[in-house]
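Below: the structure, in structure tokens.
Computed from the coordinates by the stated procedures, all read-outs in this text should not be read as laboratory data. On a predicted model such as this, the values are computed, not experimentally measured, just so you know. Note that we place each Cβ from the backbone using ideal geometry, even for glycine, and neighbour counts take in every protein chain shown.
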Amino acid sequence: GGAGKSTTAAALALRGVPIICEDVTPLAANDGEFSILPGYPRVCLWPDSVELLLGPPDALPRITPNWEKRFLALNMNGARFADAPKELRVIYFLEPRAEEAGAPQIEEMKPGDALLRLVQNTYMNQLLSREQRATEFDVLSHVAAKVAFRKLIPNKCNGKDANLAALCDSLLQDASRINGRGPRSKPLSQC
């Protein structure tokens, strides 16, 4: 919580990138491939994120009248919703902000490290039985073997909008390389 997942998703949505889900997503397995299933067609944001993205903190409607959290419908302000399952090719883990001059940066992850992070980031796993937990671990092991993993490291500076724009640029460039739609500007290390 508070890492910037929803803000980053909303920033990408406002660039016209179709968003399939904001926070939690189910995976579907089919012949050894994994797909992401669509979530709800909106991104929920706190007023400071709304202000960062759109100007006034009340530029978006509230989720409910008695709570400050707002939502960006994925059919307004140029935002788009991906309403069909999509093949899962890469997972980015949003890391704590870094003060290094090179940030934002993207680093490849080894499958073993990625598996540990996946296990830490599953939802409601405390409700699973021992057998269900073993099945979940097996599925996550297959995901770790099939999918690319990256650490996405934002920078920590005063010009937050420029940093978010640079973060989105880096993310889109890397995703394009993974999807085979663009040349690599610099080689990434091998796992």
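At a glance:
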{"quantity": "Within a Gaussian network of the chain (alpha carbon springs, distance under 10 Å), most fluctuating of Y92, Y40, Y123", "calculated": "Y123"}
{"quantity": "Cβ-based net charge around F137, under 12 Å, with every Lys or Arg adding one and every Asp or Glu removing one", "calculated": "-1"}
{"quantity": "Spacing of the two label points (7 Å from each Cα toward its C-beta) at A84 and R133, in nm", "calculated": "3.9"}
{"quantity": "Set of aspartates and glutamates with alpha-carbon distance to K69 below 18 Å, sequence-local pairs under 8 removed", "calculated": "E22, D23, D48, E51, D58"}
